[in-house]
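The values are calculated or read from the model by the stated rules, or taken from the named source; none is laboratory data. Treat the numbers as computed from the prediction; the structure is a model and nothing was measured. Every residue, glycine among them, receives a Cβ derived from its backbone with ideal geometry; neighbour counts consider all protein chains shown.
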(Lines give C-alpha, C1' and ligand atoms only; values in the text may rest on other atoms or scores of the structure.)
Protein backbone atom coordinates (compact mmCIF):
# COMPACT_ATOMS: atom_id res chain seq x y z
CA UNK A 1 0.00 0.00 0.00
CA UNK A 2 1.37 3.39 -1.00
CA UNK A 3 1.89 6.22 1.49
CA UNK A 4 -0.88 8.17 -0.24
CA UNK A 5 -3.34 5.27 0.04
CA UNK A 6 -2.42 4.73 3.68
CA UNK A 7 -2.94 8.41 4.42
CA UNK A 8 -6.36 8.31 2.74
CA UNK A 9 -7.33 5.21 4.72
CA UNK A 10 -6.30 6.86 8.00
CA UNK A 11 -8.19 10.00 7.04
CA UNK A 12 -11.33 7.97 6.29
CA UNK A 13 -11.03 6.16 9.64
CA UNK A 14 -10.67 9.44 11.49
CA UNK A 15 -13.70 10.79 9.63
CA UNK A 16 -15.83 7.80 10.60
CA UNK A 17 -14.66 8.02 14.20
CA UNK A 18 -15.58 11.70 14.30
CA UNK A 19 -19.04 11.04 12.87
CA UNK A 20 -19.58 8.27 15.41
CA UNK A 21 -18.51 10.49 18.33
CA UNK A 22 -20.73 13.36 17.16
CA UNK A 23 -23.68 10.95 16.91
CA UNK A 24 -22.92 9.40 20.32
CA UNK A 25 -22.63 12.74 22.09
CA UNK A 26 -25.65 14.15 20.29
CA UNK A 27 -27.83 11.18 21.26
CA UNK A 28 -26.64 11.34 24.86
CA UNK A 29 -27.43 15.08 24.98
CA UNK A 30 -30.97 14.39 23.80
CA UNK A 31 -31.38 11.43 26.15
CA UNK A 32 -30.37 13.32 29.27
CA UNK A 33 -32.47 16.31 28.19
CA UNK A 34 -35.45 13.98 27.94
CA UNK A 35 -34.71 12.58 31.41
CA UNK A 36 -34.58 16.08 32.89
CA UNK A 37 -37.89 16.98 31.21
CA UNK A 38 -39.42 13.73 32.46
CA UNK A 39 -38.41 14.57 36.01
CA UNK A 40 -39.57 18.18 35.90
CA UNK A 41 -42.93 17.19 34.38
CA UNK A 42 -43.38 14.40 36.93
CA UNK A 43 -42.90 16.62 39.98
CA UNK A 44 -44.83 19.54 38.47
CA UNK A 45 -47.76 17.11 38.18
CA UNK A 46 -47.39 16.49 41.93
CA UNK A 47 -45.70 13.15 41.53
CA UNK A 48 -44.21 11.57 44.63
CA UNK A 49 -41.04 9.64 45.34
CA UNK A 50 -43.08 6.44 45.60
CA UNK A 51 -43.40 6.10 41.83
CA UNK A 52 -40.62 8.36 40.57
CA UNK A 53 -38.17 5.55 39.80
CA UNK A 54 -40.78 3.65 37.78
CA UNK A 55 -41.34 6.80 35.73
CA UNK A 56 -37.69 7.31 34.79
CA UNK A 57 -36.17 3.84 35.20
CA UNK A 58 -35.77 2.84 31.56
CA UNK A 59 -34.47 6.23 30.46
CA UNK A 60 -31.81 6.09 33.18
CA UNK A 61 -30.88 2.50 32.32
CA UNK A 62 -30.44 3.25 28.62
CA UNK A 63 -28.42 6.42 28.82
CA UNK A 64 -26.42 5.73 31.97
CA UNK A 65 -25.29 2.25 30.95
CA UNK A 66 -24.47 3.62 27.48
CA UNK A 67 -21.79 5.68 29.22
CA UNK A 68 -19.79 2.45 29.59
CA UNK A 69 -18.86 3.01 25.95
CA UNK A 70 -16.77 5.96 27.12
CA UNK A 71 -14.41 3.60 28.90
CA UNK A 72 -13.98 1.79 25.58
CA UNK A 73 -13.48 5.10 23.76
CA UNK A 74 -10.65 6.00 26.16
CA UNK A 75 -9.13 2.50 26.07
CA UNK A 76 -8.85 2.42 22.26
CA UNK A 77 -7.66 6.06 22.15
CA UNK A 78 -10.74 7.25 20.33
CA UNK A 79 -10.69 10.15 22.79
CA UNK A 80 -7.68 11.58 24.70
CA UNK A 81 -9.07 10.79 28.14
CA UNK A 82 -7.56 8.81 31.01
CA UNK A 83 -9.07 5.32 31.15
CA UNK A 84 -8.74 5.29 34.95
CA UNK A 85 -10.51 8.62 35.46
CA UNK A 86 -13.28 7.77 32.98
CA UNK A 87 -13.80 4.36 34.56
CA UNK A 88 -14.05 5.85 38.07
CA UNK A 89 -16.56 8.47 36.92
CA UNK A 90 -18.73 6.04 34.98
CA UNK A 91 -18.51 3.11 37.40
CA UNK A 92 -19.94 4.94 40.42
CA UNK A 93 -23.13 5.83 38.58
CA UNK A 94 -23.58 2.51 36.80
CA UNK A 95 -23.03 0.69 40.09
CA UNK A 96 -25.65 2.83 41.80
CA UNK A 97 -28.18 2.10 39.05
CA UNK A 98 -27.54 -1.63 38.68
CA UNK A 99 -26.34 -2.52 42.16
CA UNK A 100 -28.58 -0.35 44.33
CA UNK A 101 -31.59 1.14 42.53
CA UNK A 102 -32.46 -2.05 40.64
CA UNK A 103 -31.61 -4.29 43.61
CA UNK A 104 -33.68 -2.55 46.30
CA UNK A 105 -36.99 -0.76 46.70
CA UNK A 106 -35.85 1.49 49.56
CA UNK A 107 -33.20 3.27 47.48
CA UNK A 108 -35.77 4.24 44.86
CA UNK A 109 -37.81 6.25 47.38
CA UNK A 110 -34.77 7.96 48.88
CA UNK A 111 -34.66 11.77 48.65
CA UNK A 112 -31.22 11.17 47.18
CA UNK A 113 -32.69 9.90 43.90
CA UNK A 114 -34.04 13.22 42.58
CA UNK A 115 -30.77 14.86 43.70
CA UNK A 116 -28.82 12.36 41.61
CA UNK A 117 -31.04 12.73 38.58
CA UNK A 118 -30.98 16.53 38.74
CA UNK A 119 -27.19 16.67 39.10
CA UNK A 120 -26.54 13.94 36.53
CA UNK A 121 -28.95 15.33 33.95
CA UNK A 122 -27.72 18.92 33.97
CA UNK A 123 -24.09 17.79 34.07
CA UNK A 124 -24.51 15.39 31.16
CA UNK A 125 -26.54 17.74 29.00
CA UNK A 126 -23.75 20.30 29.28
CA UNK A 127 -20.92 17.77 28.97
CA UNK A 128 -22.20 15.91 25.94
CA UNK A 129 -23.26 19.11 24.19
CA UNK A 130 -19.77 20.50 24.80
CA UNK A 131 -18.15 17.38 23.34
CA UNK A 132 -20.41 17.45 20.28
CA UNK A 133 -19.71 21.13 19.56
CA UNK A 134 -16.01 20.65 20.26
CA UNK A 135 -15.81 17.95 17.59
CA UNK A 136 -16.90 20.49 14.98
CA UNK A 137 -14.75 23.24 16.53
CA UNK A 138 -17.71 25.45 17.40
CA UNK A 139 -17.94 25.76 21.19
CA UNK A 140 -19.91 28.75 22.52
CA UNK A 141 -18.06 30.51 25.34
CA UNK A 142 -21.11 30.18 27.58
CA UNK A 143 -21.12 26.41 27.11
CA UNK A 144 -17.37 26.28 27.81
CA UNK A 145 -17.90 28.19 31.05
CA UNK A 146 -20.79 25.96 32.15
CA UNK A 147 -18.83 22.82 31.27
CA UNK A 148 -16.04 23.75 33.65
CA UNK A 149 -18.04 25.58 36.33
CA UNK A 150 -21.35 23.85 37.08
CA UNK A 151 -19.54 20.83 38.54
CA UNK A 152 -18.59 23.02 41.51
CA UNK A 153 -22.19 22.66 42.69
CA UNK A 154 -23.51 19.67 40.77
CA UNK A 155 -20.70 17.25 41.61
CA UNK A 156 -21.13 17.50 45.41
CA UNK A 157 -24.91 17.44 44.90
CA UNK A 158 -24.70 14.24 42.85
CA UNK A 159 -22.34 12.58 45.34
CA UNK A 160 -24.73 13.47 48.18
CA UNK A 161 -27.62 11.94 46.26
CA UNK A 162 -25.68 8.76 45.52
CA UNK A 163 -24.69 8.30 49.15
CA UNK A 164 -28.25 8.93 50.34
CA UNK A 165 -29.59 6.27 47.95
CA UNK A 166 -27.02 3.76 49.20
CA UNK A 167 -27.67 4.65 52.83
CA UNK A 168 -31.42 4.12 52.44
CA UNK A 169 -30.83 0.71 50.84
CA UNK A 170 -28.71 -0.68 53.70
CA UNK A 171 -31.50 -1.87 56.02
CA UNK A 172 -33.26 -3.70 53.21
CA UNK A 173 -30.02 -5.33 52.04
CA UNK A 174 -29.24 -6.47 55.60
CA UNK A 175 -32.75 -7.74 56.30
CA UNK A 176 -33.18 -9.63 53.03
CA UNK A 177 -29.50 -10.60 52.72
CA UNK A 178 -29.55 -9.32 49.15
CA UNK A 179 -26.68 -10.37 46.90
CA UNK A 180 -25.08 -12.07 49.90
CA UNK A 181 -23.43 -15.46 49.77
CA UNK A 182 -23.01 -17.38 53.02
CA UNK A 183 -21.26 -20.60 53.91
CA UNK A 184 -21.63 -23.43 53.25
CA UNK A 185 -21.82 -23.30 49.46
CA UNK A 186 -20.23 -25.22 46.60
CA UNK A 187 -17.81 -22.36 45.87
CA UNK A 188 -16.56 -22.09 49.48
CA UNK A 189 -16.81 -18.36 49.13
CA UNK A 190 -18.38 -15.71 51.36
CA UNK A 191 -19.65 -12.35 50.18
CA UNK A 192 -21.60 -9.91 52.32
CA UNK A 193 -23.14 -7.20 50.15
CA UNK A 194 -24.07 -5.05 53.15
CA UNK A 195 -20.47 -4.87 54.33
CA UNK A 196 -19.26 -4.30 50.78
CA UNK A 197 -21.64 -1.38 50.31
CA UNK A 198 -20.64 0.23 53.61
CA UNK A 199 -16.97 -0.05 52.62
CA UNK A 200 -17.80 1.28 49.15
CA UNK A 201 -19.49 4.33 50.68
CA UNK A 202 -16.38 5.07 52.75
CA UNK A 203 -14.29 4.96 49.56
CA UNK A 204 -16.03 8.17 48.51
CA UNK A 205 -13.94 9.98 51.14
CA UNK A 206 -10.60 9.59 49.28
CA UNK A 207 -12.06 9.34 45.77
CA UNK A 208 -14.17 12.50 45.85
CA UNK A 209 -11.21 14.87 46.43
CA UNK A 210 -9.24 13.09 43.67
CA UNK A 211 -11.98 13.41 41.04
CA UNK A 212 -13.01 16.89 42.15
CA UNK A 213 -9.37 17.97 42.08
CA UNK A 214 -9.04 16.60 38.55
CA UNK A 215 -11.97 18.75 37.46
CA UNK A 216 -10.48 21.81 39.18
CA UNK A 217 -7.25 21.29 37.24
CA UNK A 218 -9.24 21.02 34.02
CA UNK A 219 -11.13 24.19 34.92
CA UNK A 220 -7.91 26.15 35.48
CA UNK A 221 -6.51 24.81 32.23
CA UNK A 222 -9.55 25.63 30.10
CA UNK A 223 -10.89 28.82 31.66
CA UNK A 224 -7.61 30.16 32.97
CA UNK A 225 -5.95 29.62 29.61
CA UNK A 226 -8.74 31.38 27.79
CA UNK A 227 -8.61 34.37 30.12
CA UNK A 228 -4.89 34.73 29.54
CA UNK A 229 -5.28 34.61 25.79
CA UNK A 230 -7.88 37.33 25.87
CA UNK A 231 -5.56 39.77 27.68
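Structure notes:
- Comparison of 161, 99 shows that the only residue that is crowded, with 21+ Cβ neighbours inside 10 Å, within 17 Å of the chain's Cα centre (by Cα) and at pLDDT 95 or above is 161.
- Residue count for the stretch 127-149, restricted to those that are touching a helix residue (DSSP H, G or I) at 6+ places or on another chain (Cβ under 6 Å) and closer than 27 Å to residue 205 by Cβ: 2.
- Check on residue 76, over 23 Å from residue 30 (Cα atoms), more than 17 Å from the chain's Cα centre (by Cα) and surrounded by fewer than 20 Cβ atoms within 10 Å (Cβ to Cβ): yes
- Taking first residues from the stretch 207-231 that are at negative phi and partners that are outside any helix (DSSP H, G or I) and at pLDDT 95 or above, the Cβ contacts under 8 Å between residues at least 6 apart in sequence or on separate chains come to 215/148; 218/148; 219/148; 219/149; 222/148; 223/148; 223/149.
- Residue match in the stretch 43-50 (condition: part of a helix (DSSP H, G or I), over 28 Å from residue 179 (Cβ atoms), more than 15 Å from the chain's Cα centre (by Cα) and modelled with pLDDT of 95 or more): yes
- Filter result for residue 56 (surrounded by fewer than 16 Cβ atoms within 10 Å (Cβ to Cβ), in a helix (DSSP H, G or I), within 18 Å of the chain's Cα centre (by Cα) and at negative phi): no
- When residue 87 is tested against (1) at pLDDT 95 or above; (2) surrounded by 13 or more Cβ atoms within 10 Å (Cβ to Cβ), just one condition goes unmet, and that condition is (1).
- Qualifying residue in the stretch 185-195 (condition: surrounded by 15 or more Cβ atoms within 10 Å (Cβ to Cβ) and closer than 18 Å to residue 106 by Cα): yes
- Against the numbered list (1) at pLDDT below 95; (2) within 25 Å of residue 44 (Cα to Cα), residue 180 comes up short only at (2).
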